[in-house]
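The values are calculated or read from the model by the stated rules, or taken from the named source; none is laboratory data. As the structure is a prediction and not an experimental result, all values here were calculated from the model. Here the Cβ is made from the backbone with ideal geometry for all residues, glycine too, and neighbour counts use every protein chain on show. Side chains are part of the model used for accessible areas, which takes the heavy atoms of the whole protein and leaves out ligands, DNA and RNA. Shrake-Rupley method; radii C 1.70, N 1.55, O 1.52, S 1.80 Å.
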Amino acid sequence: MCCNFKKRFLLLYATQKGQAKAIAEEIWQQAGAHGLEADMHCISEMDKYNLETEKDPVVIVISTTGTGDPPDTARKFVKKIQDRTLPPDHFVHLQYGLLGLGDSEYTFFCNGGKIVDRRLQELGAQHFYDTGLADDCVGLELVVDPWIDGLWLALKEAFLLQKEKEGMNSDAVSSSLSSAPPVEHGLNLSSEVQNLKLEDESVRTADLLTQKLVDTHLVASVSDAEPSLVHSVPPVSQSSLNIPALPSEYIEVQFQDTHGENPHLSSLISEGTTFEVPVTKAVQLTRKDAIKTALLLELDIADTVFDYQPGDAFCVLCPNNANEVEELLHILGLSEKGDYFVCVRVKEGTKKKGAAYPQHIPERSTLKFILTWCLEIRAVPKKAFLRALVEYTSDMGEKRRLQELCSRQGASDYTRFIRDCNVCLLDLLHAFPSCKPSLNLLIEHLPKLQARYYSVSSSNLYEPGKLCFVFNIVEFPACPARPVSRKGVCTGWLAELVAPLLHSSKNTLDTKGRSSVTEKIPIFARPNNIFHLPADPSIPFIMVGPGTGISPFIGFLQHRQKLREEHTDWNFGETWLFFGCRHQDRDYLFKQLRGFLENGTLTHLKVCFSRDSSTAEVAPPKYVQDVIRLYDKEVARVLLKEGGYFYVCGDKKRMADGVSDAVVDILSMEMQVDKLEAMKTLAMLREAKRYLQDVWS
């Protein structure tokens with residue numbers, strides 16, 4: 001290879017939960033097999049790269065968090081490039097390709113990547129490769145895999161163009177590049193099952209492994225017509241497999257003693273101050289025969305400096321299920337080691353690029369503490385994790401199936417039996433009993449246990465020192481790939497924690513009684529800078545919140561009621577609330593809404609019940625989006641003539657999209673314009689922060 005040929009490219013990632021980093025690491029691993037060097041950094045490490053002087057191609061992998069924000073690690077970078085004093089040719093020298101990660105369940109799909117992409121273009125940067133937008137709703141790999149495949153040719157062309165500009169002989173560059181192994185040529189492994197265990201280190205780090213298994217006992221029989229988590233059928237069972245490179249191990253764990261104390265939970269977060277606050281009240285808002293169980297919890301924050309506004313969210317630090325932790329320890333053969341303190345450190349001489357100590361693991365804590373509070377043991381395993389588990393699986397049939405599930409040929413099986421079924425590590429270890437991973441592998445591949453976000457359902461002005469929130473207990477029914485049912489990590493823990501409060505005879509919404517039971521939960525603030533009441537109380541607003549989506553609007557109404565009591569001379573705009581649930585007598589969460597209507601805080605209350613039968617000649621509307629259409633002129637008046645606000649909270653896929661469609665139809669009809677123009681008007685309302693959503697999938 002020509003020694004003067006510059007084959008480096010800059011690889012930046014911006015991640016919130018580790019997904020973008022994992023993809024960047026895959027690109028870094030594959031780069032070497034193409035004769036290239038990826039200089040990889042987190043985008044927050046701005047002291048290690050400089051885009052102002054960067055001459056080589058730049059590849060950016062960036063996720064999206066919240067309702068469309070760049071990840072926390074990209075905040076400083078985004079702030080820097082959004083400096084409006086920068087000239088339009090600031091990055092005219094820059095050639096880049098960007099891969100954005102997002103979820104189309106949310107309105108601002110891949111917005112983190114789009115923000116960076118758009119701003120780089122405004123500052124003169126040029127694409128050397130088309131932007132990719134991967135959708136976690138259907139599977140990131142559907143875009144990620146082909147995008148990475150095409151990246152190498154695009155980089156080759158970028159280097160050729162770069163050298164032509166510098167006056168180099170492009171033929172020499174082309175020749176040197178062609179000596180790198182092309183992506184489609186993998187390593188042909190022996191068909192002997194015994195050779196599936198890859199011992200050679202050079203093979204371990206190859207970017208692509210092609211395996212042909214013809215051993216008859218691994219080929220699905222004709223009678224086994226249906227695939228499952230543990231069983232495949234042709235063509236997958238008879239295919240050569242393209243599987244990911246084996247990730248380099250980089251963590252080592254040593255057991256110490258059993259003496260000492262675990263760290264305080266506040267050390268696990270960097271976003272703000274943690275408060276352990278008592279639960280003073282718990283009420284089940286739904287009847288026992290309701291399809292979903294909704295709980296309201298009241299927290300006492302009087303002795304803290306925790307502050308919030310109606311519409312804000314906050315985070316709950318929750319542990320993994322204790323029984324699942326014990327079960328995992330048992331399967332790993334570490335039941336006797338749970339209370340031992342462990343020392344975690346980076347392996348000397350590891351080949352992993354940028355190997356670093358995992359910040360979510362305390363420097364000194366017990367094994368049980370790490371599995372309980374630090375690692376998301378319920379996380380759906382990524383393909384790189386499956387690839388690593390292959391090396392710890394002794395049964396050849398199980399080994400082959402794990403390879404299939406992480407391969408390109410088995411992509412649909414991965415989606416169907418792992419991703420869609422919410423299969424976790426524990427499920428895999430039950431399904432593949434010969435798989436016995438090491439503890440260091442779990443620490444390397446299981447992501448950080450994330451705090452759970454909840455909307456505040458109260459007003460500090462209305463009842464100082466109290467914070468309320470509402471949630472459904474999440475249920476994951478059993479399925480063939482996961483034969484056990486489970487509750488959500490956080491909602492299941494909260495429900496179990498407050499069970500004594502729920503059984504207290506004093507616990508109703510109509511009493512001020514408080515239980516003597518004082519369970520505490522750790523929380524920290526997550527302010528929402530957008531989803532707030534209008535600053536001007538005279539501005540009218542519309543609220544749409546079916547089911548637990550009504551939660552923040554209770555805080556809105558409590559706050560508005562208190563303002564009305566304290567400022568009788570103020571002019572207050574009209575307020576609308578559209579609420580819906582399945583059954584009026586089973587899950588009408590806040591029947592005291594009538595009280596807000598009676599005292600004038602709420603001007604209009606419109607409710608609907610999707611599962612109740614009706615004897616009326618004309619059936620009433622079932623869903624909030626249908627009710628909104630009945631008040632088309634009023635909605636249009638509030639939005640178009642009175643400068644009002646429109647708030648939506650709740651399920652994204654089944655409700656929020658339907659509501660926005662209804663609003664578009666109303667705008668189209670009232671403005672007498674086509675649907676495209678109405679959609680533009682709605683987009684302008686969003687941009688002006690007058691059409692606001694707090695939604696989840």
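Which percent of the accessible area of the chain is formed by carbon and sulfur heavy atoms (probe 1.4 angstrom)?
Exposed carbon and sulfur together represent 50 percent of the surface.
Looking at the chain only, what percent of DSSP beta bridges run antiparallel? Nearest 5 please.
Once the DSSP bridges in the chain are tallied, antiparallel ones form about 50 percent.
For the chain, what does the accessible surface come to per residue with a 1.4 Å probe? Please give it in Å². Kindly include the intermediate steps, with their values, before the conclusion.
On the way: 31700 Å² over 697 residues.
Accessible area per residue: 45 Å².
May I ask you to rank V489, V648, V474 by accessible area, largest first, using a 1.4 Å probe over the protein chains only? Let's see the in-between values first.
Working: V489 20, V648 0, V474 60 Å².
Result, largest first: V474, V489, V648.
Farthest toward the dipole's positive end in the chain, which of H264, T350, G465, given Cβ charges of +1 (Lys, Arg) and -1 (Asp, Glu) about the Cα centre?
Among H264, T350, G465, the one farthest towards the positive end of the dipole of the chain is G465.
Rounded to the nearest 10 Å², what accessible area does H330 show when all protein chains are kept and the probe is 1.4 Å?
Spelled out: H330, probe radius 1.4 Å, area about 130 Å².
For the chain, what is the relative contact order in percent, using Cα pairs closer than 8 Å and at least 6 residues apart in sequence?
12 percent
Between region 396-416 and region 286-336, what's the alpha-carbon centroid distance in Å?
For region 396-416 versus region 286-336, the Cα centre distance is 34 Å.
Taking the dipole about the Cα centre of region 7-163, with the C-beta of Lys and Arg at +1 and of Asp and Glu at -1, give me whichever of F9, Y49, G112 is farthest to the positive side.
Of F9, Y49, G112, it is Y49.
Let me have the relative contact order for region 310-383, percent, based on Cα pairs under 8 Å that are six or more residues apart.
Reported as a whole number, the value is 38 percent.
Based on the Kirkwood radius over alpha-carbon pairs, what value in µm²/s does the Stokes-Einstein equation return for the translational diffusion coefficient of region 319-450 at 4 °C and 1.567 mPa s?
D = 83 µm²/s.
According to the Cα gyration tensor, what semi-axes, each the square root of 5 times an eigenvalue, does the equivalent ellipsoid of the chain have, listed from largest to smallest in whole Å?
Whole-Å semi-axes of the equivalent ellipsoid: 47, 33, 26.
What does the helix-only formula give at 222 nm for the chain: each DSSP H stretch with n ≥ 4 adding -39500 (n - 2.57), the total divided by the residues, and the result rounded to the nearest 500 deg cm²/dmol?
Calculated at 222 nm, the ellipticity per residue is -8000 deg cm²/dmol.
Among the listed pairs K114/K641; K281/K520; K17/K352; K21/K448; K281/K466; K399/K436, which have their C-alpha atoms separated by more than 22 angstrom in this model?
K114/K641
Distance between Cα centroids, region 420-470 to region 560-636: provide it in whole Å.
34 Å
Could you work out the mean projected area of the convex hull around the alpha carbons of region 541-695, in square nanometres to one decimal? Can you show the working numbers first?
Values: hull surface 39.6 nm².
Result: 9.9 nm².
Using Cα atoms only, what is the angle between the long axis of helix 551-566 and the major principal axis of the chain, expressed in degrees (0 to 90) to the nearest 10?
It is inclined by approximately 40 degrees.
Between the helical axis of 141-165 and the dominant principal axis of the chain, each derived from Cα atoms, what acute angle in degrees is found, rounded to the nearest 10?
Orientation of helix 141-165: about 60 degrees from the principal axis.
On the Cα set of region 268-314, report Rg and Dmax in Å, please.
14.3, 41
Taking one equal scatterer on every alpha-carbon of region 7-163, how large is log10 of I(q)/I(0) by Debye at q = 0.11, 0.15 1/Å?
-0.38, -0.74
What is the Å³ per residue value for the convex hull set by the Cα atoms of region 395-467?
155 Å³
Once phi is turned into θ = phi - 60°, what whole-Hz ³J(HN,Hα) does the Karplus curve with 6.51, -1.76 and 1.60 give for every residue of region 335-345, x standing for Gly and Pro?
4, 7, 9, x, 8, 7, 6, 10, 10, 10, 8
Quick check on region 428-471: what does the Kirkwood estimate of hydrodynamic radius come out to from the alpha carbon pairs, in Å? Intermediate results must be reported in sequence, preceding the final value.
On the way: mean 1/r = 0.0679 Å⁻¹.
Mean inverse Cα-Cα distance, inverted, gives 14.7 Å.
Work out the length of the dipole vector of region 319-450 about its Cα centre, built from +1 on the beta-carbon of each Lys and Arg and -1 on the beta-carbon of each Asp and Glu, and round it to the nearest 20 debye.
Numbers: 20 positive and 16 negative charges, 138 e Å.
Value, rounded to 20: 660 debye.
Residue farthest toward the positive end of the dipole of region 19-159, with Cβ of Lys/Arg at +1 and Asp/Glu at -1: which of A154, S63, P87?
Result: P87, furthest along the dipole toward the positive end.
By how many degrees, 0 to 90 and rounded to 10, does the Cα axis of helix 322-331 deviate from the longest principal axis of the chain?
For helix 322-331, the angle is close to 20 degrees.
Counting Lys and Arg as +1 and Asp and Glu as -1, each charge on the Cβ, what is the dipole of the chain about the Cα centre in debye, to the nearest 20?
So the magnitude is around 800 debye.
For region 31-104, with only Lys/Arg (+1) and Asp/Glu (-1) charged at the beta-carbon, what is the dipole magnitude about the Cα centre, in debye rounded to 20? If you can, show how the numbers build up before the last one.
Working: 7 positive and 12 negative charges, 44 e Å.
Dipole size: approximately 220 debye.
Can you give the Rg and Dmax of region 448-507 based on its C-alpha atoms, in angstrom?
For region 448-507, the Cα radius of gyration and maximum Cα-Cα distance read 15.4, 50 Å.
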